[in-house]
Ligand code: SF4
């Protein structure tokens with residue numbers, strides 16, 4: 001059973017670049033990504049991915065808020081995925097989008113799910129909307145271990161293709177790029193074929209609680225890289241400055257506009 005909760009606020013101020021507000025229709029996330037740092041942001045106790053709470057009154061609160069809120073870009077899904085499996089049944093994200101469209105708020109969606117395709121009809125009606133889809137690896141067997149609840153790599157690429165064909169601006173969040181594990185050439189090749197408007201690349205961020213999960217993952221599937229992970233993430237050794245520069249170069253060669261996430 002999925003717990004239903006009630007919230008008092010809908011939009012919260014966002015410090016993420018390009019966003020004025022954050023809107024999160026769920027608390028928790030069934031995608032259960034190994035590297036997720038949302039649990040520390042929302043002070044989540046318990047196993048991440050096992051439980052998701054649905055903010056059942058969020059559309060009602062959002063409706064009131066939008067009547068007086070200053071217009072600004074709403075980031076949909078900053079600490080949860082707005083198109084995780086619960087959305088199929090609850091449609092909280094869709095109902096929030098209907099309200100945002102009504103009030104003509106600009107929206108930036110961030111997801112790892114092809115369920116976003118369900119809402120193409122609605123997304124097309126916005127005057128200003130972007131859909132960002134994350135890709136971490138090109139290998140779906142590995143994706144199953146790293147992001148077990150999210151859509152497959154192929155489904156996400158298909159979503160990017162279909163959104164673009166529907167005239168909706170797309171971008172790709174390439175990250176977190178996993179040292180020695182991410183096949184970056186394969187990933188950039190795959191992304192270049194779906195022609196997003198731009199790409200943002202990011203490092204693996206060791207926020208509170210993330211290292212233990214990543215260490216377990218590397219120990220189990222890539223024990224040969226564990227010493228390097230300790231060097232980079234525990235001892236603060238260099239890796240990303242040169243690597244991300246190379247990724248930018250690869251993207252440029254494929255005609256992709258690429259920015260590095262510096263936050
Ligand atoms: S999709 Fe995003 S919020 Fe959900 S588990 Fe993965 S990183 Fe965390």
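A compact table of results
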item	result
Fewest-first sequence of 178, 250, 1 by Cβ atoms within 10 Å of each Cβ	1, 250, 178
Residues 204, 62 arranged by fewest to most Cβ contacts within 10 Å	204, 62
Cβ-derived FRET efficiency at R0 30 Å, residue 64 paired with residue 42, nearest 0.05	0.85
In nm, spacing of pseudo-spin labels at residue 145 and residue 127 (7 Å Cα→C-beta vector)	4.9 nm
On Cα atoms only, tilt of 58-68 relative to the major axis of the chain in degrees	70 degrees
Normalised contact order of the chain, rounded percent, pairs of Cα under 8 Å and 6 or more residues apart	17 percent
Length gained when the stretch residue 220-residue 207 is fully extended (0.36 nm per residue, less Cα-Cα span)	2.6 nm
Efficiency of FRET from Cβ geometry, residue 95 and residue 158, R₀ 22 Å, rounded to 0.05	0.30
Value of [θ]222 nm, deg cm²/dmol, for the chain, DSSP H segments ≥ 4, -39500 (n - 2.57) each, nearest 500	-10000 deg cm²/dmol
q = 0.07, 0.08, 0.11 Å⁻¹, the chain: log10 I(q)/I(0) [Debye, one scatterer per Cα]	-0.24, -0.31, -0.60
Order of 152, 192 - criterion: other Cβ atoms within 10 Å of each residue's Cβ, fewest first	152, 192
On Cα atoms only, tilt of 210-221 relative to the major axis of the chain in degrees	50 degrees
Taking N as its residue count, the alpha carbon Rg of region 190-263 over 2.2 N^0.38 Å	1.30
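The numbers here are math on the coordinates, done by the rules we state, and not lab data. Every value quoted in this text rests on a predicted model; they were computed, and no experiment measured them. Glycine also receives a Cβ, built like all others from the backbone with ideal geometry; neighbour counts cover every protein chain displayed.
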